[in-house]
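The values are calculated or read from the model by the stated rules, or taken from the named source; none is laboratory data. Keep in mind it's a predicted model, so treat the numbers as computed, not measured. Neighbour counts are summed over all protein chains in view; Cβ atoms, including those assigned to glycine, are modelled from backbone coordinates with ideal geometry. Only protein heavy atoms, including side chains, enter the accessible area calculation; ligands, DNA and RNA are left aside. Shrake-Rupley method; radii C 1.70, N 1.55, O 1.52, S 1.80 Å.
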Amino acid sequence: MVTKKQHYYPRCLIKHFSNEDGKLYAYIRLANKTNYVNYQAVCSENYTYEGSSGVDNKLENALSRLESIISPIIEKIFNTISVVNNKFVVDISEDEIESLYKYVRLQIDRTDTGRINFIRSAGNFNYIKRKYPFTLEEIKQCKNKEILEFNDRFKKSELLEKYFGSNSKPNDMNFHLVIGEDFITSDNPVVTFNDGKELYMPISQNLCLLFQHDSLNCSKEVIVQITKEKNKYINESQIETANYYVLSKKKFDIFTNIYINRRFHEKNWELKSRHFK
């Protein structure tokens, strides 16, 4: 059976932002409106992982196999996080942390933006990712160039699995599970700060994965709580890096709606935003 609708942000992760009815709030950029939709209806595109040789689902199936590794770890986090002696604890092993890091790196690469950056940087050590997100027109122009080249490369037998395995967590990158309030996410759910020394990926309204370099490490504890200002900055970054969707379990408040509107409609917004300074 051929999978036509292919998600670049896995449903097994998006679902944790949905409510009991399986729906979430989605700002849909192409429609320029916010709808309350089923979580399975967002962050997908028909045949987005197919290559120049036609539809064979090879890359789609390889990605699904890796998602089957990460999904149980995420579920385990939700099932085991608790408070013991007034302290947050979670049952997670070093091997599971290693798998989370590898997946976060893969999630960066598997989106439209990630695939373009991956191909442009491959073998080009002087390539510098620009501060500003790609425009939709630029992405469209790359569909039959960098994005197609990425698909052709990684549909080869077990190449994606080998790449996934090669992205080992550096010893100087520390894992934290961040507790916050009203995290939102987007079609580019991993946001990076300080030249890649901090990787944030929200996994629910209240939890966010963080990998943080020694030079910035915030705590010796695995579970940390975040300031309201940092929480806000991460949410703003999700809006800044989004190409197609901004997603939330709760209705967007007035401040978030204003920020979304400014990000996508205000002229020369990238020159005004603090995220690109």
Residue pairs meeting the criteria (Cβ under 7 Å; at least 6 apart or on separate chains; first under 18 Å from Gln238 (Cβ atoms) and in contact (Cβ under 8 Å) with a residue 24 or more places away in the chain, in the stretch 98-117; second of a type in the set (S, T, N, Q) and open to solvent by less than 10 Å² (accessible area, probe 1.4 Å)): Asp112/Asn243; Thr113/Asn243
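Quick check, is Leu13 of a type in the set (A, V, I, L, M), more than 21 Å from Lys249 (Cβ to Cβ), in a helix (DSSP H, G or I) and under 17 Å from the mean Cα position of the chain (by Cα)?
Details: of a type in the set (A, V, I, L, M): yes; more than 21 Å from Lys249 (Cβ to Cβ): no; in a helix (DSSP H, G or I): yes; under 17 Å from the mean Cα position of the chain (by Cα): yes.
It is false that Leu13 is of a type in the set (A, V, I, L, M), more than 21 Å from Lys249 (Cβ to Cβ), in a helix (DSSP H, G or I) and under 17 Å from the mean Cα position of the chain (by Cα).
Identify, please: which residue in the stretch 26-54 is in a loop (DSSP other than H, G, I, E, B) and loosely packed, with under 14 Cβ neighbours inside 10 Å and is, among those, nearest to the chain's Cα centre (by Cα)?
Restricting attention to the stretch 26-54, the residues satisfying the condition of being in a loop (DSSP other than H, G, I, E, B) are 29-32, 42-43, 47-50, 52-53.
The next check asks that each one be loosely packed, with under 14 Cβ neighbours inside 10 Å; those that pass are 30-32, 52-53.
Working: Leu30: 19, Ala31: 22, Asn32: 21, Ser52: 26, Ser53: 28 Å.
That would be Leu30.
Name the residues in the stretch 164-184 that are at negative phi and in a loop (DSSP other than H, G, I, E, B), would you? Write out each step before concluding.
Step one: list which residues in the stretch 164-184 are at negative phi, which gives 164-181, 183-184.
Asn167, Ser168, Lys169, Pro170, Asn171, Asp172, Gly180, Glu181, Phe183, Ile184, listed by residue number.
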Breaking point among (1) among the aromatic types (Phe, Trp, Tyr); (2) over 22 Å from the mean Cα position of the chain (by Cα); (3) surrounded by 11 or more Cβ atoms within 10 Å (Cβ to Cβ); (4) within 21 Å of Asn194 (Cα to Cα), for Phe134: (2)
Those residues of the stretch 148-194 which are surrounded by fewer than 20 Cβ atoms within 10 Å (Cβ to Cβ) and of a type in the set (Val, Ile, Thr), in sequence order: Ile179, Thr192
